[in-house]
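S.K.: Dropping the structure in here first, questions after.
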Amino acid sequence: MPLSTLTRGQHWSPMALGPLAWWYAHPQFLTLGVGAVVNEWRDRSGNGNTLTPPGAVNPTFNAAGWRTGVGAVDFDGATQFLSATSGSILAAMAGADAPFSALVTARIDASSDHGILEWSDVLLARSEWRTNNTPPEVLRYRRVDDAAGSVTVTGALDVGTVNGRLGISFPGTTVTTYRARDVDSAAAACNVGTCTFVTFQLGKTTVGQLDGVIAECIILPRAMTAAEWQRYVYYSIGEFG
């Protein structure tokens with residue numbers, strides 16, 4: 001699998017975005033067990049936001065999961081996900097209207113309701129990004145505050161079951177989502193109150209788990225611009241194919 005930002009002198013990398021977390025699916029950043037199960041997915045950003053499986057629900061590293069010679073972390077859609085219960089990946093999202101963005105190079109392998117990622121507490125609060133099999137399968141973001149105030153934004157573009165790039169940008173009171181180079185939902189209203197989060201999950205939300213693969217996931221502690229998203233898509237195509 002290529003590591004162009006380490007070995008080929010590529011001029012741009014996701015570090016230019018100032019990531020809060022950067023999970024890149026390469027054995028250099030994974031702790032693998034028997035059968036290539038993922039015991040840790042380490043944060044390449046330098047912020048220490050390592051993801052681990054809660055209990056015996058490890059996803060696996062598939063060395064050809066993205067394409068021949070390019071690996072990805074493979075989730076089974078039933079029990080496998082990764083999480084963090086401390087660190088800046090949680091602290092940066094605390095309170096009301098905390099902005100964030102997520103940039104994901106991923107593929108869904110079966111049409112269903114799939115979780116991509118989620119911040120949550122043990123009761124109400126959620127920041128939940130997933131796909132919704134209506135059909136077609138489209139992106140959906142739901143934000144729920146500590147008092148159960150809730151807003152859901154659903155996109156219109158079919159995500160499909162092919163290698164792709166999915167993005168979300170939340171400035172604090174609106175949300176924009178992207179599928180590949182296309183804007184899916186643009187600055188849709190999404191404003192609730194204070195949110196308390198104690199867990200971050202990748203590959204699972206309260207509605208559905210990911211049946212598919214993730215080659216890379218980047219979290220920013222701010223809203224990204226449309227130009228930054230387009231730059232990421234070009235980078236990702238060059239990096240992963």
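S.K.: Identify, by number, the condition in (1) of a type in the set (Gly, Ala, Ser); (2) in contact with a Pro (Cβ under 7 Å, 6 or more places away or on another chain); (3) buried (at least 17 other Cβ atoms within 10 Å of the Cβ) that residue 127 doesn't meet.
M.R.: For residue 127, the failing item is (2).
S.K.: From the list 174, 199, pick out the single residue that is within 15 Å of the chain's Cα centre (by Cα), modelled with pLDDT of 95 or more and surrounded by fewer than 22 Cβ atoms within 10 Å (Cβ to Cβ).
M.R.: Numbers: 174 fails: within 15 Å of the chain's Cα centre (by Cα).
Result: 199 is the single residue among 174, 199 that is within 15 Å of the chain's Cα centre (by Cα), modelled with pLDDT of 95 or more and surrounded by fewer than 22 Cβ atoms within 10 Å (Cβ to Cβ).
S.K.: Residue 180 fails exactly one of the following numbered conditions: (1) more than 28 Å from residue 88 (Cβ to Cβ); (2) at pLDDT below 95. What is the number of that condition?
M.R.: If we test residue 180 against (1) more than 28 Å from residue 88 (Cβ to Cβ); (2) at pLDDT below 95, just (2) comes out false.
S.K.: Quick check on this structure: which one of 98, 92, 102 is in contact with a Leu (Cβ under 9 Å, 6 or more places away or on another chain), among the hydrophobic types (A, V, I, L, M, F, W, C) and more than 20 Å from residue 213 (Cβ to Cβ)? Before the answer, list the steps.
M.R.: Values: 98 fails: in contact with a Leu (Cβ under 9 Å, 6 or more places away or on another chain); 102 fails: more than 20 Å from residue 213 (Cβ to Cβ).
Unique residue meeting the criteria: 92.
S.K.: Does segment 177-196 hold any residues that are surrounded by 15 or more Cβ atoms within 10 Å (Cβ to Cβ) and over 19 Å from residue 120 (Cβ atoms), and which are they?
M.R.: 177, 178, 179, 180, 183, 184, 185, 188
S.K.: Can you name the condition, by its number, that residue 134 falls short on among (1) of a type in the set (Val, Ile, Thr); (2) more than 15 Å from residue 197 (Cβ to Cβ); (3) within 20 Å of the chain's Cα centre (by Cα)?
M.R.: Of the numbered conditions (1) of a type in the set (Val, Ile, Thr); (2) more than 15 Å from residue 197 (Cβ to Cβ); (3) within 20 Å of the chain's Cα centre (by Cα), the odd one out for residue 134 is (3).
The values are calculated or read from the model by the stated rules, or taken from the named source; none is laboratory data. Given the structure is predicted, the values throughout are model-derived calculations rather than measurements. Methodologically, a virtual Cβ is constructed for each residue, glycine included, from the backbone with ideal geometry; neighbour enumeration extends over all protein chains shown.
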